[in-house]
Amino acid sequence: MTSILGTGIQEGLLLKPVTYPWAMELYDQAVANTWFPNEIQLGEDLQDFARMSEDERQALTFLMSYFNPNELLVNKALAFGVYPYVNAAECHLYLAKQMWEEANHCMSFEYVLETFPINREQAYESHVTEPSMAAKEEFEVKYIRRMTEETLDITTVEGKQDFVRNLVAYNVILEGIWFYSGFMVALSFRQRNLLRNFGSLIDWIVRDESLHLKFGINLILTVLDENPEIATDDFADEIRQMVLDAVEMEAAYNRDMLPNGILGLNADYINQYVQYLADRRLEELGFEPEYRVANPAKWMATANDTLQLVNFFESTNTAYEVNAKAE
């Protein structure tokens, strides 16, 4: 039986015939989405930044503090925890493109830090000195540590479960809940006609991240389908609890980001959106939803759908796609 998991160096060297078409399709789409941050004129947003309140600028700095190092943290999770344990060539292709995208996102946030008068030292140190931010990072790092231990054996039930834990921590929680929560806050400024070009940059990042999420979910479900012995009731309970714990960590983080709230946005609003996201991710993994709350940011639900439209108030098409195929 073909297995997507393995550590053979000489396995996965032939692309055709493709074993997992979903991975190939995502790779093709990722290549079509290639973009570069300096194609967006962030300098045009400086006047907006100057007239924002102190709380608004603090929220933006807080986001940069988290996004910047964690894009690179995702790359470590992929390099140490996913790529070495996957055999399929089409998965390796996609993972290589995803790693480039994470690097590109890191450079995008560097571009923001270089353009806006943000205190770089403060932004850089917060992910260590801000307890709620540091707690999220430590939650993620412990899963990479496990994937790099010599005792991990991907042929065992325990090793396969560790592989899935790492994917849930990074693809589902970090990218699929925590990043999306931050994207909503970042894009909320554009809802008020502020930082429109910054919003376009976030649009492009969201487009990449939506593919990362699809890849991660598909990979998890494929591993579970090929290795049904790992899907015990205890393991299912553990995975579900990981997601619920992540929601609590994000709630504390959002209260630190917006202690006073800003126009149209406060921590309670963001945290309801986090609960909504968590329910969607639980359902994608085959669980029942936990929170059953309405989406308070319905405008985010169409964020990807509206990317196909050129925004005539901006000089750039937010649906950046090269060699796009007609749907």
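The values are calculated or read from the model by the stated rules, or taken from the named source; none is laboratory data. Note that the structure is a prediction, hence the values are computed from the model and not measured. Neighbour counts are summed over all protein chains in view; Cβ atoms, including those assigned to glycine, are modelled from backbone coordinates with ideal geometry. Each accessible area value is taken on the protein alone, full model and side chains, heavy atoms only, with ligands, DNA and RNA left out. Shrake-Rupley method; radii C 1.70, N 1.55, O 1.52, S 1.80 Å.
With only alpha-carbon atoms counted, please give the Rg and Dmax of segment 152-284, in Å.
Cα only, segment 152-284: 16.9, 53 Å (Rg, Dmax).
Taking the Cα-to-Cβ direction at residue 79 and at residue 103 and moving 7 Å from each Cα, how far apart do the two end points lie in nm?
Roughly 0.9 nm, to one decimal.
Of the peptides 69-82, 240-253, how do they stack up when ordered by the mean number of other Cβ atoms within 10 Å, highest first? Walk me through the numbers on the way to the answer.
On the way: 69-82: 20.0, 240-253: 17.8.
The densest-packed peptide leads the list: 69-82, 240-253.
For the chain, what is the calculated [θ] at 222 nm in deg cm²/dmol (nearest 500), taking -39500 (n - 2.57) for each run of four or more DSSP H residues and dividing by its residue count?
Result for the chain: -20500 deg cm²/dmol, rounded to the nearest 500.
Positive end of the charge dipole of the chain (Lys, Arg +1 and Asp, Glu -1 on Cβ, about the Cα centre): tell me which of 254, 33, 80 has its Cα farthest that way.
Ranked along the dipole, the leading option is 33.
Rounded to the nearest 20 debye, what is the charge dipole size of the chain about its Cα centre when +1 sits on each Lys and Arg Cβ and -1 on each Asp and Glu Cβ?
Working: 24 positive and 52 negative charges, 131 e Å.
With Lys and Arg at +1 and Asp and Glu at -1, about 620 debye.
Share of the chain's accessible area from carbon and sulfur, percent, 1.4 Å?
Looking at the chain in its full context, I get 52 percent from C and S.
Full extension from residue 193 to residue 18: what is 0.36 nm times the residue separation minus their Cα-Cα distance, to one decimal in nm?
Numbers: separation 175, 0.36 × 175 = 63.00 nm, distance 4.54 nm.
So the extension gain works out to 58.5 nm.
In Å and whole numbers, how far do the C-alpha atoms of segment 92-228 stretch along each principal axis, longest first?
Between the extreme Cα coordinates on each principal axis of segment 92-228 lie 51, 30, 23 Å.
Calculate, for residue 54 and residue 25, the FRET efficiency according to 1/(1 + (r/R0)^6) with r their C-beta to C-beta distance and R0 41 Å; round to the nearest 0.05. Please list the in-between numbers first.
Details: r = 46 Å, r/R0 = 1.11.
Given R0 = 41 Å and the Cβ-Cβ separation, E is 0.35.
Spin-label point model (7 Å from Cα, Cβ direction): what's the residue 225 to residue 138 distance in nm?
The answer from the label model is 3.9 nm.
I'd like the FRET efficiency for residue 155 and residue 47, computed as 1/(1 + (r/R0)^6) with the beta carbon distance as r and R0 of 56 Å, rounded to 0.05. Could the numbers behind the result be given before it?
Working: r = 59 Å, r/R0 = 1.05.
The pair residue 155/residue 47 has a calculated efficiency of 0.45.
For the chain, how many pairs of lysine residues have a Cα-Cα distance under 18 Å, where the two are 8 or more positions apart or belong to different chains? Could the numbers behind the result be given before it?
Working: 76/97; 76/136; 76/142; 97/214; 142/160.
Taking the chain as the scope, the lysine pair count is 5.
Over the chain, with the other protein chains present, what is the accessible area per residue in square angstrom, probe 1.4 angstrom?
Values: 14390 Å² over 327 residues.
For the chain, the per-residue accessible area is 44 Å².
Which cross-chain or sequence-distant (5 or more) residues have an amide H under 5 Å from the amide H of residue 5, H modelled 1.01 Å from N in plane?
Excluding prolines and chain starts, which carry no amide H, the hits are 87.
If I stretch the segment between residue 128 and residue 255 completely, what's the gain in nm (0.36 nm per residue apart, minus their alpha carbon distance), one decimal? The partial results should precede the final answer.
Working: separation 127, 0.36 × 127 = 45.72 nm, distance 1.71 nm.
Taking 0.36 nm per residue and subtracting the Cα distance, the gain is 44.0 nm.
Binning at 20 Å from 0, report for the chain what percent of all alpha-carbon pair distances ends up in each bin.
Once binned at 20 Å, the Cα pair distances of the chain give 31, 59, 10, 0.
What distance in nm lies between label points placed 7 Å from Cα along the C-beta direction at residue 238 and residue 298?
Taking the two extended label points, one gets 4.1 nm.
Students often check this: by mean Cβ neighbours within 10 Å, which of 167-179, 219-231 ranks highest, and how do the rest follow?
Ranking, from highest mean packing down: 167-179, 219-231.
For segment 43-306, with the dipole built from +1 on Lys and Arg beta-carbon atoms and -1 on Asp and Glu ones, taken about the Cα centre, which of 185, 148, 171 lies farthest toward the positive end?
Farthest along the dipole direction, towards plus: 185.
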